[in-house]
Each structure stands twice: as structure tokens, then as C-alpha cells.
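Peer 1: I am attaching a structure below and will ask some questions about it afterwards.
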Amino acid sequence: MADLSERVRASLAGRYTIERELGRGGMATVYLTRDLKHDRPVALKVLRPELAAVLGAERFLREIRLTAQLQHPHILTLIDSGAADGFLYYVMPYVEGESLRQRLEREGQLPLDEALRITRAIASALDFAHARGVIHRDIKPENIMLHQGEPMVADFGIALAVSSAGRERLTEPGLSLVTPAYMSLEQASAEPRLDGRTDQYSLACVLYEMLAGEPPYTGPTAQAIIAKRLSEPIPHLRTVRDVPEAVERAVTKALAKAPADRYATADQFVAALAPGVRGFSVPRHALRIRAKLRAGAVIAAAALVVAVLLALLGRGGPQGAPVAAARHSQLTFEGTVIEAELSPSGELLAYISQLHDTQQLLVRDLKGGTTVKLAQLGAVHGSLRWSPDGSVLLYAGLDSVGQYVTETFPRLGGTPRPLPRWGAFAAWSPNGARLAQWLGGAGQPRHRIFLTTLATGDTSAVAVLDSVGFIASGDWSPTGSWLALLATSESRARWGLWTVAVDGSGWQRVVEDSVPLSPPRWSPSGDGVYYLRGNELRRIRVTSNGRPDGVPGAVQTGLQWSGSGGVSITADGGKLAYIRSIGSSNLWLATTDHPGKGARFATTRLTRGTASKSLPHLSPDRQSLAFVKEENGRNIFTLPISGGEPRQITFTGAVASDPAWSPDGHALAFCTNVGGVIKVQTVAVEGKDERTYGRTEASSSCELAWAPGPRIIYQRPGNRSFHVLDPVGETEAPLVGNDSLGWMFQPLYSPDGERVAIWWNRMAPRSQSEATGVWVISLKDSSNDSSHFLVHRGLSHPLGWSADGRSVYVQGEGSNDILLVPATGGKATLVGTQPFENAYCIPIERGGGLTLLCVVDEGTADAWMIENFDPGAASGSGVLR
């Protein structure tokens, strides 16, 4: 095998670099490999030589290419395949995580809800492939990867390719292509006409093992397992574990010996699994306990069970009718999509693509495939909405100087029409005659929703309750009576969905969560709202008076939501679009000895892997970097700037900001979630000394910096102003006296600690210094306007100070240019253009040269569509439990 590794290494040099062997299976050896063209880790799988010898390259490669067409949230797609030096190989994404087999070896059995969640995800992938005529043929725990907890089916179609390419010749001893413990009888008997029901059988075996701790049939040899399957009855789950009767019945049916006795599709199998659907019964031991209760208690318990069953059943609807499977399809392929909106007819997709700080508004004809660019947008988008009749597209947001923009575009391009500007977010009334807008900024009534009649310009205002918090986005109900709104608390890490009548009455919180939520979207019938939570699409029913009806339930899982945008739904409720991402970022260095226009940077990678990282922050001695890594939560790590292995500093997973080094480099300050409230905390870099500043109250989007004195400046809730905290005495004071002047972000202390460079959308009325941009504030008298200096206008970001404290580095607006601006204002000088496509960099002076510390976005985000996304919506039973 060592010889094979060397042959592979030599033959693929220039395309792939093999780093190490990951494992061996019945068909292939797997290597962790570096894709040199895209500089990413991949899994290279090389077929065993004896298998490759009998297959032949041409037919194997022809068959395996069919699997490259499978694009689904729960399928690891084929990246590459080929033949070289007598061996056959294929390449798939490398998943940082573990296989289901590894988890089962560690835990033995899984919780019922978790086992069903994994089964649902795999079934959705199988149905997607089966609808396209592709059968997996080797579903087993080893081929199910858990990427950030989400199941991903690996080697999809590989067994098919092997079988199709060499069925007549695979007779040599030792060539076991499929694991017998999960193989259906028809597959074991080499039945040539296999269909999706063989995968359903294998999936039922996997679910049985997740619940029981071992497959339904075991034995020392493949022959022994197959003999048991032929001669013994199907084992019952409830003999080894308490599960709902519906689960046992569904698994038993899916394990039927004859394909005709199983479910027609994997989706029907999953539908039959849902606990609480018809046939659910309380386990017998529970019935015996309840028989001893007093009669009154029995009646009360029975009433509770009925109520729970009604909730789980979705309050009625036809029972037992099979539902069509959801169908997933990718709509865009740029990898840079941050917002998408499906037209009411489902024929057009409007979307915003962002590269660097540049945003483009595009419309794609989903039938014809043509794409039209409508506009290059301002800096911050708020809402993107089709009019109810689909004739125009509404865009609301902020322009490059922080002013509101609200305009409509003809559906296929043309001159935009400006509309009244009352905020950065907007929603159409169901008849398209009125517009709701909100998000007032500094100098405007912030807690108002403005309703404008477009024909006349008449505008009325709805007051927002203080308890609602910051309203981010929303939707107008199909009935015309209600708004549904997404709000975040000012100081608590809480997200909420609210309803309010358009006359301002009846504020109701229908969902509250500690996990970020997407903006809500009403169902076409107006009886509920859909939203995204993590990787789930959820629905909460809403009564005619705006109140929640029951609890939220998941209707789709494993969506890999990007965290950007929300969902859009066609007028008939049949299709839904959202942004799906594969997020990852890594740290890089870029250096040049000759800063200035045309400067050439040499780049060095500091980290690898698919986890997301934050911007790195350099220690005072310039030897170490501190950053946040998102893996099992958000934690702080340090890394030598010369490279090496990251060292974990925090372990709570609750870090809510980038870290800031103490002036002596011995500690780090950061914001953290403490019981749902964002607090400032410090931790020693060496050791475990931690201190939480209990009186602090930070913004949920907290930013901070640490300067000599000592002084920690951190972002407060409300208008996102800053307070200066004494970490010794725990006293604090506002950075500026009037926090209504506008939001502040990205504070950077000067080298002497006496000034702060900050981005400020200062829009104070009647102020001659009113402007959005990079400001420098003197801490000697920061409450005095005379100590505030605008050094660079627009949406350019402050990046750092020059070593002498005389200038501030800023990133050019809408570009990758790095500029040096005098701290008292003046002409900006170009010092270089950062060399990465999508990155954020901090400049560090190095003698006469310049080093950039960068976090480079290596992820992708595209628009996806789900057809039949809520199959049970019409009957009221489409919620997964």
C-alpha cells in the first residue's frame, strides 16, 4: 500500500498534494489531500488496485460522472475523478467532523429525536437522487458524515458506478463492495433491477442501529448475516428499547424482505416515522403506572395527551395520505449571494451578489437561464421585495454616505423610481398600494413604523413598544391586517418574532429564541409565518388576532442557512428560496517591501480547515495572534504569527466579539453571553484567570478595544455608542456625551492610548460636522464636539494606526485599496491593494514594508429553491417533531 501511495502522490503532483491517509475501506483508500488549484482540503479516494484492474477506467469514469449532477444539502458532491498510472480515483469535499459510525462507536445509541433527525436528512438526499434515477447501494454509518452536526451522505453513486462498470467481472475473492449488515436481500442476490427501496432498507438498518445499538441482523460472516435475514423474522425494536409504536411499525415495514412490502419511497418511510402520528400509543409500562392513578388524575392526564396529540398532528387533516417529497435545486452559482427573492410566479429570481464591498442587484430568468444586472447598489441593503403582482422590484437600504434609499426597478431592468424614504427596511401591502418602512436612525423617530399610501404619499406612523427592541426586517400579511417583524434585544442575546396590527394595536411576541432567526415570511394563507433557525425551516401558526397558535415546528432540516437573508415564497405556496452556504475562512499573511500603488504582496497561509475564523488581532509584542474560531461554539484561540498549532483560550463557546489584547499582552478582553446577557469579560492568556464585569451591558453585536490606562472601550446597546471601562475599579463613562448622534463601530486606540479611531454614521441635525465616515476622537475631552475629527468620509472602515500615531489606515470604499489618512484629516495615500478576493485585513508596519493580517472568506453562498417545502401545510400536518 505504501507503493500505491507513492504512485498516487507522483501521478497527481501539480494537482493534488497528499497529506496523510485517513482510512481504508472495502473499495478504496482515503487520503486527506490539498487541492492545489483551489487551495482547499479534499478527500481523495483511490480504488483498490485489484478492483481497478477488473473494472476498467473508461466505463467506471463514465458511470461515476453521473453522480456529479447530484447537488443537495445532504449529499457530498463529486468534485473530480480520473485514472492515472493504472489506478482509479475520485475526489469529494473533506468534512471536518466525524462519521456516524464514529459517533455510534462512542455513544452506542442515540436519542430518539436525534436518530429521527438524521434519518429524515438522509431520506431527503435519497429521494432527491432516486427521482433522478440514481441509487446509492451502500448506505451505512461509515458513509454518513456529520458536518457541524448535519448528516452528509458520502460516496453517493460510487457503488453504483462500480457495480455498473464491472458487475460481470467482480468475482474475485475479497472484493466486498457493500457491507452485508445493511444490504437488502435483492441486492445480496445480485438482482439487476434495483430501485430506491434497496436504499430504504439500508436506511432502516441504520436507524435500527442508532436506536438499538447494533444492526437488526449480525453475524461473523456475510453468509451468516444473509442466512439470518432469510430464515429469521424481522426483529422488533420495542424488544430492546422503548420507542413509539409508529417508529417500530415503520422500521419493520422498511425492513421487509420483499421490496413490494416496503414503502414506495424513502419520504413515505420518514412520514410514517413521525412520533405522534396515527398509531402512536403510550408504552405498556407507562399504562400500568397510570392505572394506579386516581380517576381524576387519569382524566387530566388523558386530556393532556389528547392536547399533545392534536398539536403533533397539526390540528387535524386527512390521515395516512402519502405526501410528495420536497425537491431541492440550486439557483445561483456565483458563491457570493447575500440576498435572494423569488418572484410571486416563481419564474424570476432577484438576488444581491457581493464581492468585497461591492453589491450588484441581478435578476435571473429561471426558465430561460438569462441574468440581467439591474444596478450596482449602495453599501448596506435592507429589504429586497417583489411587488405582489411581480411587475417591479423594491429595494431599500443605505447609500455610501449612510442615507436611506428606497426605490423600485422594472422587473427586467430600466430606470429606478424613487419612493418616500422612511427607513432601511420595507414591505409591500398585499395589494401593492401601500408600503411599510422602519428603522429610523439618529435624528429620526427610531421607534416608528411608517405606512405610506403610494398613490397619494399620505403617511401614518405606528409606535413600536420599547420591549420589542431593534426591528431588523418583516413582512405584511396576506390579509392586510398584520405585520410580522424580526427584532433583536438591545443588550440580551435574544431574537424574537412579533406581530402587530397595522393600526398599531395588538403587539404579540410569537417566537422568542436565544439562537439567531431569519426575518419572518407569512404563509400565503396568512395563518402562520415561516422563518429559518440554524439549519431548520420552521413554521409558527398565528391566529386571526395575531397570537401564536401552538409552538414552532420544523418543516425542513439540514438547510445550511447562511445566516444572511430570509426566505421568499411564491404566491401559490409551492416554492421557497433561501441562501445556503458552506462557510469557512482562514487566516493569512500578506507582505510587501515596497508599499504604494502597484505594490506586490507575498502571501502565507496561517490556518487551514473549514471552520470560520474571525479577524486576527496582533499581540503588543507582535509575536502572537488572537482570533475567534467557530467550532462547537465560538471560542478564542491564539497562534504564533510565525505559524504553528492554534491554542484554545476559552471553552464556553459563548464568545460574542473579537478579542482585544491587554496593553501588556498577558490577557484578552472580549464580550460573552452570560445567561442571555452580553457582558465584558477578561481572561489570562496563560492560565485560567477570568473576570466578568457584571455591571457592563454590551450590544449583541459587541466590539471592543483595550488601551493603556488601563481602559477598555466597548459597544453599548441602543444607538451602538461606546463606554470607556476602567477594568480595575469597574467604573465607566460614555465615549461621547450625546449617544443619539449615530451608531459607532470598529474602535481602534492610537498607540499612545489617547485617541480612538472609529467608524461613525454621525447624522446630528443642525451640526456642521454631520457626516458618515472614519472619525478620530480625543479621550482628553471626548464629550466636546471640538475633540471629534472627521478624517475620511463614506463607508470606508478604519483598519489601524500608523506606528507614529499621526495617520490612520482605512479601507477604500467599495474596493480592496488600503489608504493612509492623516489623523487630523487631509489627502489619503494609497499604500497597497490587499491581494485576496474576499478578505478583511489589518495593516502592520514593518520597517519600510507593510504586513497585512487577513481573514480570508473561503466559503460560498448561493440561492437554493425547495419545491413542495411544506407538504403537510394544506392538511395542517406538515411539521416535523
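What follows draws every value from the coordinates through simple rules; no lab data is involved. The structure displayed is predicted, hence computed values, not measured ones. Because the Cβ atoms are built from the backbone with ideal geometry, glycine has one as well, and the counts that use them run over all protein chains shown.
Peer 1: Please list the non-local residues whose amide H lies under 5 Å from the amide H of Val380, H modeled 1.01 Å from N, same-chain partners needing a gap of 5 or more.
Peer 2: Under 5 Å from the amide H of Val380: Leu398.
Peer 1: Determine ³J(HN,Hα), in whole Hz, for all residues of region 204-209 in sequence, where each value follows from phi through the Karplus function 6.51 cos²θ - 1.76 cosθ + 1.60 and θ = phi - 60°; x replaces Gly and Pro.
Peer 2: So the J values, rounded to whole Hz, are 5, 4, 5, 4, 4, 5.
Peer 1: Starting from the 7 Å offset along Cα-to-Cβ, what nm value, one decimal, do you get for the label separation of Glu21 and Asp458?
Peer 2: 8.0
Peer 1: When the dipole is taken about the Cα centre of region 1-121, and only Lys, Arg (+1) and Asp, Glu (-1) are charged at their Cβ, what size is it in debye, to the nearest 20? Spell out each step's value before the answer.
Peer 2: Working: 18 positive and 17 negative charges, 45 e Å.
Dipole about the Cα centre, nearest 20: 220 debye.
Peer 1: At what distance in nm do the modelled label points of Asp593 and Ala13 sit from each other, each positioned 7 Å from its Cα along Cα→Cβ?
Peer 2: 3.0
Peer 1: For region 2-277, with the dipole built from +1 on Lys and Arg beta-carbon atoms and -1 on Asp and Glu ones, taken about the Cα centre, which of Pro73, Ala204, Pro259 lies farthest toward the positive end?
Peer 2: Selected residue: Pro259.
Peer 1: Placing +1 at every Lys and Arg Cβ and -1 at every Asp and Glu Cβ, with all other atoms neutral, what dipole size does region 535-633 have around its Cα centre, in debye to the nearest 20?
Peer 2: 140
Peer 1: Taking 0.36 nm per intervening residue step and subtracting the Cα-Cα distance, what contour gain separates Lys373 from Arg846 on full extension?
Peer 2: Separation in residues times 0.36 nm, less the Cα-Cα distance, equals 166.0 nm.
Peer 1: Got a sec? Which residues in region 381-410 would a label at Asp365 touch, if it sits 7 Å along Cα→Cβ and we count backbone N under 13 Å?
Peer 2: none
Peer 1: Between Asp572 and Asp80, what FRET efficiency follows from the Cβ-Cβ distance if R0 is 45 Å, with the result rounded to 0.05?
Peer 2: 0.70
Peer 1: What aspartates and glutamates could a cross-link reach from Lys367, if we take a straight Cα to Cα line under 19 Å and drop same-chain neighbours fewer than 8 places away?
Peer 2: By straight Cα distance, Lys367 reaches Glu334, Glu341, Glu347, Asp389, Asp572, Asp862, Glu867.
Peer 1: Separate question: How much length, in nm to one decimal, is gained on full extension between Leu465 and Asp781, taken as 0.36 nm per residue of separation minus their Cα-Cα distance?
Peer 2: 110.3 nm
Peer 1: Val515 to Arg793: extension gain in nm, 0.36 nm per residue of separation minus the Cα-Cα distance?
Peer 2: Contour length minus the Cα-Cα distance gives 96.6 nm.
Peer 1: Size of the dipole of region 2-277 about the Cα centre, Lys and Arg at +1 and Asp and Glu at -1 on the beta carbon, nothing else charged, in debye to 20?
Peer 2: So the dipole magnitude of region 2-277 works out to roughly 380 debye.
Peer 1: Which pairs, out of Lys140/Lys575; Lys629/Lys688; Lys140/Lys257; Lys228/Lys253; Lys629/Lys679; Lys140/Lys253, put more than 22 Å between their alpha-carbon atoms?
Peer 2: Lys140/Lys575
Peer 1: Can you figure out the FRET efficiency of Ser329 with Ser231, using R₀ = 45 Å and their beta-carbon distance, to the nearest 0.05?
Peer 2: Values: r = 45 Å, r/R0 = 0.99.
Efficiency computed from Cβ-Cβ geometry: 0.50.
Peer 1: Starting from the 7 Å offset along Cα-to-Cβ, what nm value, one decimal, do you get for the label separation of Glu245 and Leu36?
Peer 2: 6.4
Peer 1: For Lys827, list the lysines whose Cα falls under 24 Å from its own Cα; do not include residues on the same chain fewer than 8 positions away.
Peer 2: Lys597
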